[in-house]
Amino acid sequence: MRIGAHVDPTDPLAEATARAADAVQFFLSDPQGWKTPQPRADAETLSSADVDVYVHAPYVINVATGNNRIRIPSRKLLLAHAKAATAIGAKGLVVHGGHVNAGDDPATGFDNWRKALSYAAESGGLGLPILIENTAGGENACARRLDALARLWDAVGDHEVGFCLDTCHAHAGGEELLGLVDRVKAITGRIDLVHANNSKDGFGSGRDRHDNLSAGTIDPDLVVAVIRAAGAPVIVETPGGAEGQGGDIAYLRGQLDGETGAR
Ligand SMILES: [Zn+2]
C-alpha cells in the first residue's frame, strides 16, 4: 500500500523523504488562483522517481457551475493542469466535484461535467486520469452525497474518470464511513485514491477542516477500515508539516502492516 502526503510543491521529493512517504501530492499553481501552471525544471526527476506523484487542481475550478464566467475558465484550467501533471509523470489529477449555484438545477451541473470532459477529449485528451473528489460542503454539490455522485457518474462514466475518496469530506458531508467504500464502488466501480484525514468538525457539519488521524471527531479505526476496503493509494492532507504528516503515515503503516505485509 502506497502512503504519502500533500506537500509543498517546491521540492516534493525532499518532502517525501522527510515523511518517509511513498507518494506525494501537491499543487502546480496557487490553489486559490487562475494562473496556468508553468513547466517544472524537475519534471524528469519527478517522472522517474520511486515516489508516486499526484497533483491537486486549484480549488477555484468548478466545471459544474452554470456561471459561464467560472465554468469556461475552469475547464481550460483543468485541461492545462492535466497536461502539466502528465508532464511530471503524475498518476492522477485530483479535482473537486464542484457545485451549481443555489436555485440552479443540479442536472445542469452533471451535464456541465460531461461537457468539460468532452471538451478535454476534443482538445487532445487529458493524458492522465482525472480523479473527482467528494466534497464536504454545499447544498448543491455534485460529489458531496452519494445520491448526487450517482447522477454525476451517470453523466461522466463514459469518460476516463476516477474517484478520490476523502474521509474528512465524507464525514463532514454527512456520509457514514462504515461501509462507505462498498456504497461508493457500487456507483463508481473504483476508488483510485484515498485522502485519509480526520475532521475537526462533526458529522454532517458541511465544514472542511482536516485534522491529524488520531485527533478530530472521526474514530481513526474507521479511517483505517476505509483504506483497507478501498485498497487504493493513500494521501494524508493533515496539519503539522513533516512531523504531523510523518506521524500520520507511520500510524497508518502500523495499523495496516499486519495485513498488507512489508512495504
Ligand atoms: Zn482531500
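Every number here is computed from the coordinates shown, using simple stated rules; none is lab data. No experiment lies behind these values; they were computed from the predicted model shown. Cβ atoms come from the backbone with ideal geometry, glycine included; neighbour counts cover every protein chain shown.
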Complete set of residues in the range 16-36 that are touching a helix residue (DSSP H, G or I) at 6+ places or on another chain (Cβ under 7 Å) and either surrounded by 21 or more Cβ atoms within 10 Å (Cβ to Cβ) or in a strand (DSSP E or B) (or both):
ARG19, ALA21, VAL24, PHE26, LEU28
Quick one: is ASN197 surrounded by 18 or more Cβ atoms within 10 Å (Cβ to Cβ) and either hydroxyl-bearing (Ser, Thr, Tyr) or within 13 Å of the ligand (Cβ to nearest atom) (or both)?
yes
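One line per residue, one yes/no per condition, for (1) closer than 13 Å to ASN140 by Cβ; (2) among the basic types (Lys, Arg):
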| residue | (1), (2) |
| --- | --- |
| ILE70 | no, no |
| PRO73 | no, no |
| LEU78 | no, no |
| LYS83 | no, yes |
| ALA87 | no, no |
| PRO106 | yes, no |
| GLY109 | yes, no |
| ALA121 | no, no |
| LEU128 | no, no |
Any chance ALA41 is part of a loop (DSSP other than H, G, I, E, B) and within 19 Å of the chain's Cα centre (by Cα)
no
In the set HIS56, HIS96, HIS81, the lone residue that is touching a Phe, Trp or Tyr at 6+ places or on another chain (Cβ under 6 Å) and under 29 Å from ARG19 (Cα atoms) is HIS56
Counting only residues in the range 130-150 that are assigned to a strand (DSSP E or B) and not small (Gly, Ala, Ser), the one farthest from the ligand (Cβ to nearest atom) is identified as ILE130
Checked ALA102, ALA82, ALA64 against criteria (in contact (Cβ under 8 Å) with a residue 60 or more places away in the chain and more than 16 Å from the ligand (Cβ to nearest atom)); the one match is ALA64
The conditions are (1) part of a helix (DSSP H, G or I); (2) within 16 Å of the ligand (Cβ to nearest atom), and ALA121 fails exactly one of them. Which is it?
(2)
Among what's in the range 131-168 and is among the charged types (D, E, K, R) and under 20 Å from VAL194 (Cβ atoms), pick the residue that is surrounded by the most Cβ atoms within 10 Å (Cβ to Cβ).
ASP166
Out of all the residues in the range 172-183, which are under 16 Å from the mean Cα position of the chain (by Cα) and either loosely packed, with under 14 Cβ neighbours inside 10 Å or closer than 15 Å to ALA141 by Cβ (or both)?
ALA172, GLY173
Take the range 204-215 and flag every residue that is more than 14 Å from the ligand (Cβ to nearest atom) and over 12 Å from HIS169 (Cα atoms).
ASN212, SER214, ALA215
Just to check your reading of the model, which residue among CYS164, CYS168 is within 16 Å of the ligand (Cβ to nearest atom), over 22 Å from PRO37 (Cβ atoms) and of a type in the set (A, V, I, L, M, F, W, C)?
CYS168
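Results for (1) surrounded by 23 or more Cβ atoms within 10 Å (Cβ to Cβ); (2) within 18 Å of the chain's Cα centre (by Cα); (3) closer than 25 Å to VAL224 by Cα, shown as yes or no for each residue.
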site: ILE3; (1), (2), (3): yes, yes, yes
site: LEU13; (1), (2), (3): no, no, no
site: VAL55; (1), (2), (3): yes, yes, yes
site: PRO73; (1), (2), (3): no, no, no
site: THR86; (1), (2), (3): no, yes, no
site: GLY103; (1), (2), (3): no, no, no
Residues satisfying the stated conditions in the range 216-251, i.e. β-branched (Val, Ile, Thr) and away from the ligand (no atom under 16 Å from the Cβ)
THR217, VAL224
